[in-house]
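Notes for the one structure printed next.
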Amino acid sequence: MTEPVLGIDIAKLKFNVCLINREGKLRHKLFSNTAAGFEQLRDWLSKQRVESVHACLEATGTYREALSLSLYEGGHRVSVINPAATKAFAASRLSRTKTDGVDAELIARFTVAQEPVAWTPLPAEVRELQALVRRLESLIEMRVMEENRLSSGVTLEMVRESVEELLSHLNAQIKRTEELIRQHIANHPTLKQQSQLLDSIPGIAETTAALLLSEITDITQYRSARQVAAYAGLVPRERQSGSSLRGRTRLSKIGNARLRRALYFPAITALRCSPFFQTWAEGLRERGKSKMSVICAVMRKLLHLAYGVLKNGKPFDPEWAKTA
């Protein structure tokens, strides 16, 4: 271990830390998940005579974002890991106890054993785009809920009026957020160019392009299109062992669920409207692939093509796309 390690178990209001110093001794501490708590963490590390650490925490939505950025800006090495990795690590150690303090120590020991890659914050314009796209996603989900409520047969007139009023408000907010996303992309030349490249792919329009740009945040970190597909959980997972277990091959679904949801309808559109995808999918059907398998394959192909156009800086071309 070349530097002290700091395992962090974070929640909405607080976070537990476990420091493993160079001598291998453990120190535990609890802080509030606020700017004041971040300052107290810095003071505590100074009292422990620690100038820099390899801090590691799980990817738990927005709770960890401010702390990750604070640690990064403080000169520390930061890693953000999939919770599934620490869960598997705990199982490998036959861990039976689960508390915040134990989880922080588990993350610290995982960091010592695995040395996860360093995390870097997104550029400001990508963070803003991601926030806008995710807000749009939330608004659309709320609209669907209210539309379902209305279609289920609201009998009380006052309730119907309330639902219709809320739907009107949600529609206005969705329209406004979509415009904010368009303006944001137009105001940043790199995002604008990348959006145009993605828009050249059959089935991908501006809404899907914006989501891809907000979720596939740095195309240079991926060595291949397959890595991007794995990040989205769109690679096949085989289940075979000896002669007794021969399960069906399915999608792994271990990855970014937003990307999978965003690519479903573009895949349907591509199959319906694009001669390129129609010809390509016909070969899959001839090999006996089911309807859903074909759709999933098209989703994966779309992501491969997105990687290709962003990596090469060239719009979609059916000729080179045949081998993508």
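The values are calculated or read from the model by the stated rules, or taken from the named source; none is laboratory data. Please read these numbers as outputs of a predicted model, since none were measured by experiment. FYI the Cβ positions are ideal-geometry reconstructions off the backbone, even for glycines, and counts take in every protein chain you see.
In this structure, does Gln196 turn out to be free of Cβ contacts under 8 Å to residues at least 60 places away in the same chain and within 30 Å of Val298 (Cα to Cα)? If you could, list the steps in order and put the result at the bottom.
Details: free of Cβ contacts under 8 Å to residues at least 60 places away in the same chain: no; within 30 Å of Val298 (Cα to Cα): yes.
No, not satisfied.
Would you confirm, using the coordinates I've provided, whether Leu166 is closer than 23 Å to Glu215 by Cα and crowded, with 16+ Cβ neighbours inside 10 Å? Write out each step before concluding.
Working: closer than 23 Å to Glu215 by Cα: no; crowded, with 16+ Cβ neighbours inside 10 Å: yes.
Against the criterion (closer than 23 Å to Glu215 by Cα and crowded, with 16+ Cβ neighbours inside 10 Å), Leu166 does not qualify.
Out of the stretch 11-25, which residues are surrounded by 14 or more Cβ atoms within 10 Å (Cβ to Cβ) and among the aliphatic types (A, V, I, L, M)?
Going through the stretch 11-25, the residues surrounded by 14 or more Cβ atoms within 10 Å (Cβ to Cβ) turn out to be 14-21.
Hits for the stretch 11-25 are Val17, Leu19, Ile20.
Out of curiosity, is Ser138 within 24 Å of Leu212 (Cβ to Cβ) and polar (S, T, N, Q)?
yes
Quick one: is Arg160 surrounded by fewer than 17 Cβ atoms within 10 Å (Cβ to Cβ) and part of a helix (DSSP H, G or I)?
Details: surrounded by fewer than 17 Cβ atoms within 10 Å (Cβ to Cβ): yes; part of a helix (DSSP H, G or I): yes.
It is true that Arg160 is surrounded by fewer than 17 Cβ atoms within 10 Å (Cβ to Cβ) and part of a helix (DSSP H, G or I).
Answer yes or no: is there a residue in the stretch 65-74 that is free of Cβ contacts under 8 Å to residues at least 40 places away in the same chain, exposed (fewer than 14 other Cβ atoms within 10 Å of the Cβ) and not charged (D, E, K, R).
no
Which residue pairs have Cβ atoms closer than 7 Å, lie 6 or more positions apart in sequence or on different chains, and pair a first residue in the stretch 80-95 that is in contact (Cβ under 8 Å) with a residue 12 or more places away in the chain and outside any helix (DSSP H, G or I) with a second residue that is surrounded by fewer than 17 Cβ atoms within 10 Å (Cβ to Cβ) and of a type in the set (A, V, I, L, M)?
Once the first residue is in contact (Cβ under 8 Å) with a residue 12 or more places away in the chain and outside any helix (DSSP H, G or I) and sits in the stretch 80-95, its partners that are surrounded by fewer than 17 Cβ atoms within 10 Å (Cβ to Cβ) and of a type in the set (A, V, I, L, M) give Val80/Ala59; Ile81/Ala59; Asn82/Ala59.
Checking Thr220 against (1) modelled with pLDDT of 85 or more; (2) assigned to a helix (DSSP H, G or I); (3) of a type outside the set (Gly, Ala, Ser): exactly one of these is not met. Which one?
The failed condition is (1).
To keep it simple, each residue is scored yes or no on (1) assigned to a loop (DSSP other than H, G, I, E, B); (2) hydrophobic (A, V, I, L, M, F, W, C); (3) within 30 Å of Thr86 (Cβ to Cβ); (4) touching a His at 6+ places or on another chain (Cβ under 7 Å).
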position	(1), (2), (3), (4)
Ala131	no, yes, yes, no
Ile140	no, yes, no, no
Ile174	no, yes, no, no
Ile181	no, yes, no, no
Gln196	no, no, no, no
